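Asker: The structure's right below; bear with me while I get my questions together.
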Amino acid sequence: MTYDANNIFGKILRGEIPCHKVYEDALCIAFMDVMPQAQGHTLIVPKAGSRNLLDADPAVLGALLPVVQKIARAAKSAFKADGITVMQFNEPAGGQTVFHLHVHVIPRHDGVPLRKHTGAMEAPEVLAAGAAKLKAALAG
């Protein structure tokens, strides 16, 4: 299948849809997931268009993982997490629902299960507060 630039992340990258951005560099952007499975759930999205890991340029993957690590470290600190779950899905059978390569970084706390992905969107003020915490942790 070919990449469709009109996916929701493509629209976010073009500024057509707002997001609660926490990080951006020349190659990647990170923002709060609007349907978080835990407080601080963040998405890291490369700016280069590819459907997923399977068709991504290796150079894009090389730039993506250090950003995932940076966000994971900051999220663990910002949300006083006991651990971090990193997830990346490929194709419908693999659980992918947005067909632009992206990585989920989810702060985790002992004994607290992930929320189910119900499709319900988080309140904007909750996302903004989480973004502020994460930005502060990234700033050091």
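Asker: Do we have Thr97 as over 22 Å from Ala128 (Cα atoms) and β-branched (Val, Ile, Thr) here?
Answerer: On the way: over 22 Å from Ala128 (Cα atoms): yes; β-branched (Val, Ile, Thr): yes.
Yes: the conditions hold for Thr97.
Asker: Working only within the stretch 22-45, note down all residues that are in contact (Cβ under 8 Å) with a residue 40 or more places away in the chain, open to solvent by less than 30 Å² (accessible area, probe 1.4 Å) and over 20 Å from Pro92 (Cα atoms).
Answerer: Val22, Ala30, Phe31, Met32, Ala38, Gly40, His41, Thr42
Asker: I'd like to check which strands (runs of 3 or more DSSP E) are fully inside the stretch 7-81 and have at least 3 residues that are among the hydrophobic types (A, V, I, L, M, F, W, C).
Answerer: 28-32, 42-46
Asker: Looking only at the stretch 117-140, count every residue that is in a loop (DSSP other than H, G, I, E, B) and farther than 25 Å from Gly10 by Cα and tell me the total.
Answerer: Residues of the stretch 117-140 that are in a loop (DSSP other than H, G, I, E, B), as a first pass: 117-123, 140.
Filter once more, keeping what is farther than 25 Å from Gly10 by Cα: 140.
Residues flagged as in a loop (DSSP other than H, G, I, E, B) and farther than 25 Å from Gly10 by Cα within the stretch 117-140 amount to 1.
Asker: Just to be sure, is Ala59 farther than 16 Å from Ile12 by Cβ, at pLDDT 95 or above and out of contact with any strand residue (DSSP E or B) (no Cβ under 8 Å at 6 or more places or on another chain)?
Answerer: Values: farther than 16 Å from Ile12 by Cβ: yes; at pLDDT 95 or above: yes; out of contact with any strand residue (DSSP E or B) (no Cβ under 8 Å at 6 or more places or on another chain): yes.
Yes; evaluated as a whole, the condition is true for this residue.
Asker: From Tyr23, Tyr3, grab the single residue that is touching a helix residue (DSSP H, G or I) at 6+ places or on another chain (Cβ under 7 Å) and aromatic (Phe, Trp, Tyr). Before you say what the answer is, go through the steps one by one.
Answerer: Numbers: Tyr3 fails: touching a helix residue (DSSP H, G or I) at 6+ places or on another chain (Cβ under 7 Å).
None of the others qualify; the one that does is Tyr23.
Asker: Under 6 Å between Cβ atoms, which residue pairs at least 6 apart in sequence (or on different chains) link something in the stretch 110-133 that is open to solvent by 60 Å² or more (accessible area, probe 1.4 Å) with a partner that is part of a helix (DSSP H, G or I) and modelled with pLDDT of 95 or more?
Answerer: If the second residue must be part of a helix (DSSP H, G or I) and modelled with pLDDT of 95 or more, the pairs left are Lys133/Ala78.
Asker: Among all residue pairs at least 6 apart or on different chains, which show Cβ distances below 7 Å where the first residue, located in the stretch 1-20, is farther than 17 Å from Thr97 by Cβ and the second is open to solvent by 70 Å² or more (accessible area, probe 1.4 Å)?
Answerer: Close Cβ pairs (under 7 Å, with a partner that is open to solvent by 70 Å² or more (accessible area, probe 1.4 Å)) amount to Leu13/Lys47.
Asker: Give the residue, chosen from Leu64, Leu101, that is touching a Ser or Thr at 6+ places or on another chain (Cβ under 6 Å) and over 16 Å from Ala137 (Cβ atoms). Steps first, answer last, please.
Answerer: Numbers: Leu64 fails: touching a Ser or Thr at 6+ places or on another chain (Cβ under 6 Å).
None of the other options fit; the residue is Leu101.
Asker: Looking only at the stretch 74-103, how many residues end up being within 22 Å of Gly10 (Cα to Cα), touching a residue at least 60 places away in the same chain (Cβ under 8 Å) and crowded, with 19+ Cβ neighbours inside 10 Å?
Answerer: 4
The values are calculated or read from the model by the stated rules, or taken from the named source; none is laboratory data. Quantities reported herein were computed from a predicted structural model and do not represent experimental measurements. Because the Cβ atoms are built from the backbone with ideal geometry, glycine has one as well, and the counts that use them run over all protein chains shown. Calculation scope for accessible area: heavy atoms of the full protein, side chains included, ligands and nucleic acids excluded. Shrake-Rupley method; radii C 1.70, N 1.55, O 1.52, S 1.80 Å.
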